[in-house]
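One structure is given below, encoded as structure tokens.
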Amino acid sequence: MWAGRVLHAALSRAPRESRAQSALAQLRGILEEELESIRGAGTWKSERVITSRQGPHIHVDGTPGGIINFCANNYLGLSSHPEVIQAGLRTLKEFGAGLSSVRFICGTQSIHKDLEAKIARFHQREDAILYPSCFDANAGLFEALLTSEDAVLSDELNHASIIDGIRLCKAHKYRYRHLDMADLEAKLQEAQKHRLRLVATDGAFSMDGDIAPLQEICRLASQYGALVFVDESHATGFLGATGRGTDELLGVMDQVTIINSTLGKALGGASGGYTTGPGALVSLLRQRARPYLFSNSLPPAAVGCASKALDLLMESNAIVQSMAAKTLRFRSQMEAAGFTISGANHPICPVMLGDARLALNIADDMLKRGIFVIGFSYPVVPKGKARIRVQISAVHSEEDIDRCVEAFVEVGRLHGALP
């Protein structure tokens, strides 16, 4: 009898295992087909491995000699600043590697509250709340703030994290054409029937290097009783006279209601994001924002690095002022050589090429000449608008910039992108 039960169990298990293996084989087939379609489209993204600190000059695995890096978000060169590193080490030793907790249980240290207060002072807002990333800040904001009675109006080229955050909320969704104020006004007129109206835009658009017309957005928001939200991830620290961002650059700091930004770019480059704005909004986010409630606290070392980066920025704006001249030097030389550079007056300088394979091939050949840049193609940017995004840092020298332009001209001619 016992042997019979064992045999019966084995026989009944065999079909289940066979079905499981069949399902796994089906999954593998689907995945391989999808991966092959990405390769076939020329949009496959490979990860180059850096074997040094982040900075203007790096070392890349498999590539001999030093490389000039022109594709980091390290706008102020603070990722490897000695004072920022030392601050991170001190904080690590004093407060440990991590909290092993979310904020509201036992994951809030004095350094978290100090950094939130410092961020609020920097942006001249009432309060601020930290997240593990700005992606999380965008994921947490709209769902917590907006209901089915409200409306959100979003620029069509907003960052993926804004788009995903808006998808999570129940508000009525309007999308206006990129930087098109006539279309935004039409959408605002249509949205008058809703309780709250929130206009959501990037301050600086990361793939195009253009800047939102915040003066006109704020004027329309005031006219139609709307609030303004700006993601300043590619502006905080280096746009505006003192690096406060696009709202400072365009003179509307008192008209933008909510700012989300990152600690992972200009402000030390480690990790973290935040929302800053009205105190009551920040209090609501602490109660309802899911990425805040269900994510571990920001690690102490990252907090220490970001805090020191803000200190350096608030002590002097000299490093901010050096950005404009270097950006102009690169843009003017590239345009004189015959390249099309998107955007204006922003250290994000997209070299527009159109074809995805061309962008990837030029980026590969640039690396062979000691210049680290990356080609961007669909789905990161629209089909037919592939580009190489060059990013200027305050710690690039004029010689670095000139060498980059020379390599672009040489490789561009090699691939037929220039006559």
> How compact and how long is region 103-156, expressed as Rg and Dmax of its alpha-carbon atoms in Å?
Replying inline: 14.0, 40
> How would you rank 85-94, 196-205, highest first, on the average number of other Cβ atoms within 10 Å across their residues?
Replying inline: 196-205, 85-94
> Taking only the alpha carbons of region 82-315, what extent do you get along each of the three principal axes, in Å, biggest first?
Replying inline: 55, 37, 28
> For the chain, taking Cα atoms only, what is the radius of gyration to one decimal and the Dmax to the nearest whole Å?
Replying inline: 24.3, 89
> Using alpha carbons only, what's the Rg to Rh ratio of region 20-96 with Rh from Kirkwood?
Replying inline: 1.23
> Quick one: net charge of residue 139's neighbours, Cβ under 9 Å, K/R +1, D/E -1?
Replying inline: -2
> Residues with amide H under 5 Å of residue 266's amide H, sequence separation 5 or more or different chain, H placed in the peptide plane at 1.01 Å from N; which?
Replying inline: 75
>> Sort 225-236, 31-42 by the packing proxy (mean of other Cβ within 10 Å over each peptide's residues), most packed first.
In response: 225-236, 31-42
> Given H placed on each backbone N at 1.01 Å, which residues far from residue 273 in sequence or on other chains put an amide H within less than 5 Å of it?
Replying inline: 131, 133, 134, 263
> Counting only protein heavy atoms, what percent of the accessible surface of the chain is carbon or sulfur at a 1.4 Å probe?
Replying inline: 53
>> What do you get for trypsin sites (Lys or Arg not before Pro) in region 350-411 restricted to DSSP loop and a cutoff of at most 16 other Cβ within 10 Å of the site's Cβ?
In response: 369, 383
> What are the residues whose amide H is under 5 Å from the amide H of residue 340, where those residues sit 5 or more places off or on another chain and H is modelled from the backbone?
Replying inline: 352
>> Which residue fluctuates most in the GNM of the chain (Cα springs below 10 Å): 296, 260, 73?
In response: 296
>> Please report, ordered by residue number, every helix of the chain (full DSSP H runs) that is 18 Å or longer along its axis going by C-alpha atoms and whose mean Kyte-Doolittle hydropathy reaches -1.0.
In response: 2-40, 82-95, 110-123, 300-315, 318-337, 356-368, 398-414
> Hey, what did the chain get for relative contact order, percent, Cα under 8 Å, at least 6 apart?
Replying inline: 20
> Taking region 245-298 on its own, what percent of its Cα-Cα pair distances exceed 15 Å?
Replying inline: 60
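The values are calculated or read from the model by the stated rules, or taken from the named source; none is laboratory data. Keep in mind it's a predicted model, so treat the numbers as computed, not measured. In this analysis, Cβ positions are derived from the backbone assuming ideal geometry, glycine residues included, and neighbour counts consider all displayed protein chains. Calculation scope for accessible area: heavy atoms of the full protein, side chains included, ligands and nucleic acids excluded. Shrake-Rupley method; radii C 1.70, N 1.55, O 1.52, S 1.80 Å.
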